[in-house]
1. Residues being within 27 Å of residue 291 (Cβ to Cβ) and surrounded by fewer than 19 Cβ atoms within 10 Å (Cβ to Cβ): count how many of those fall in region 141-151.
2. Taking residue 450, is it out of contact with any helix residue (DSSP H, G or I) (no Cβ under 7 Å at 6 or more places or on another chain), assigned to a strand (DSSP E or B), modelled with pLDDT of 95 or more and more than 18 Å from residue 132 (Cβ to Cβ)?
3. Name the residues in region 259-287 that are farther than 20 Å from residue 190 by Cβ and part of a strand (DSSP E or B), would you?
4. Restricting to region 536-552, name every residue that is on the phi > 0 side of the Ramachandran plot and in contact with a strand residue (DSSP E or B) (Cβ under 7 Å, 6 or more places away or on another chain).
5. Can you find even one residue in region 582-594 that is within 22 Å of the chain's Cα centre (by Cα) and within 14 Å of residue 544 (Cβ to Cβ)?
6. Pick out the one residue from 131, 124, 102 that is within 23 Å of residue 688 (Cβ to Cβ) and surrounded by fewer than 20 Cβ atoms within 10 Å (Cβ to Cβ).
7. Given the condition without any contact (Cβ under 8 Å) to a residue 12 or more places away in the chain, in contact with a strand residue (DSSP E or B) (Cβ under 9 Å, 6 or more places away or on another chain) and outside any loop (DSSP other than H, G, I, E, B), answer yes or no: does some residue in region 422-444 qualify?
8. Out of all the residues in region 722-734, which are farther than 15 Å from residue 616 by Cα and crowded, with 22+ Cβ neighbours inside 10 Å?
């Protein structure tokens, strides 16, 4: 039976076996629950015999007696106390686990060499996409090993740029990162956000472009918000939550997003709330002011569902006057605002087009029967569209590779943007009357290059190209298609040094995600390059649940269909073995966040298939994920543990609840961060504790817990290098790799 579902005195064998996913939900049906901030007494767990002592000397993690009943099933949650991340006991546990983990990593001789090479590879100049506001261009630049990229300003692309905002000066260790960055429409001021220690919480400040100094404006407790300036530049819209209660900053649930208007020169306490929906506490808001300044567009999201609403507010009478009109209020499809010409609005939508189309809506006649299709649905998946320089730039995925087509505003196809190979393009933003736009292009072995695109001629020219100490011609990427368990054809990219031998001996790292309509497209990564330099094969499986092939592909891997994602990943591993790229003893899997869930579920379902696993910041407790921070939003993709049918599906694959006592699992390095307020670290803490309790054999099963770090965004370069040196060192040791001389 799954070890995490320990039978209690009154449970039958059947009930105990059904407990695999019920380990950790706040009970509403008569649960017996010990609060997470107390220390329940140690208790036996019903196992026939204790696990053999490990040679690694894992900390003796106390097992509590928390039990609750969910949909008629009693479930034990022995490590509930680890959810209280700030308790003295949890902190002591973190220190003890890190002592074991880093003590082990110190014994890996190749680790220092890997760190040295990562540092050398990471030390290259790289740039963000330029954009223009007023008389200036802005773009980001990192000279190589700077912890955070720096924002530069210049009146001309040919002139010498000057430092405008350097986040590295905001902390001694580089753990304060830049979030939002939005110049005002007059080009005189910039509103920007900062995030501390990897948290999603964001503070907004305003900087004068002429003086380079910050004004007194200071906004706190914003999350998942952008900044939308009014046309006159006197203020902006943003979204926030109520300030969290003491002790709940990083784990308290986030409900009731609210839209505010901030007038420059005033205190946040005087900001005007322009919209809230307490009757829909899960709703979140993203805003944009139309380029003509007339309308405020609010994109309403319900959790992480791709189906959203769009509400419109006329700003003619001022930013705080008037009410929102529910232009698109059925939440029946995805709607992305592109731009407008007066009262004619352009949207990308999946309504009656699962792969996307562009429509024109007259807001005075919003009946769908009167919509005009501008760009019809294509065989490729439309992922984004922009209105720049009088043209529509439609970005597609064609078998997971970027394709960008240019259309007139009436929908006439004009040209396709040419790219230099297999890769991913991003950008194509700008003003509706601009003469240029910028985009970036990268691939698995092609570092990101920034291009300027002349809208009139269609010519692309290089603006900034990086120089790395490696030869991209030594590597190659190929795309294959393999069959999943149910016969579905799934694409996968395989990258390695040219001439790799198909003898089954190659150390291979298989990566995946498979969720939330997010496609995993070709992109450059220093760690992945280092892996291939070491003789490794890097494979990316484009699983169902992602956005590679539109709405149907996404739906095929969500809620009750989530097992398809794990089947796709397992089939990818079996393909790599069958085609003699590798063998189980040389195969490792990895993923982050939802990808961490993917790794956790796959290694518990098929522990025999892999030698090592790297689950990062993963959602491991599928019955309590909705209890913390923004986790409630994920029920749109995962389903809800409160729903009996969805509970059973979650029960069947929840990584924490499907660990089985006495099983030999792959060598595992769980990794998380103590300030992760997206996927709270309690997920990884509990999974690692249960894994160490259940695992047998000589393979290490450890957890690496970063400090002053979060879910991943804004992580300093120095921390990235340390993290990947540890992860690759762990794989080198446990896959028996011999590094090139």
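The values are calculated or read from the model by the stated rules, or taken from the named source; none is laboratory data. Worth saying up front: this structure is predicted, and the values here are computed from it rather than measured. Positions of Cβ are generated from backbone atoms using ideal geometry, with glycine treated the same way; all protein chains shown enter the neighbour counts.
1. Summing the residues that are within 27 Å of residue 291 (Cβ to Cβ) and surrounded by fewer than 19 Cβ atoms within 10 Å (Cβ to Cβ) in region 141-151 gives 0.
2. no
3. Within region 259-287, 259, 272, 273, 274, 275, 276, 283, 284, 285 meet the criteria.
4. 550
5. yes
6. The match here is 102.
7. Within region 422-444 (the criterion being without any contact (Cβ under 8 Å) to a residue 12 or more places away in the chain, in contact with a strand residue (DSSP E or B) (Cβ under 9 Å, 6 or more places away or on another chain) and outside any loop (DSSP other than H, G, I, E, B)), the answer is no, since none of the residues qualifies.
8. Across region 722-734, the qualifying residues are 729, 732.
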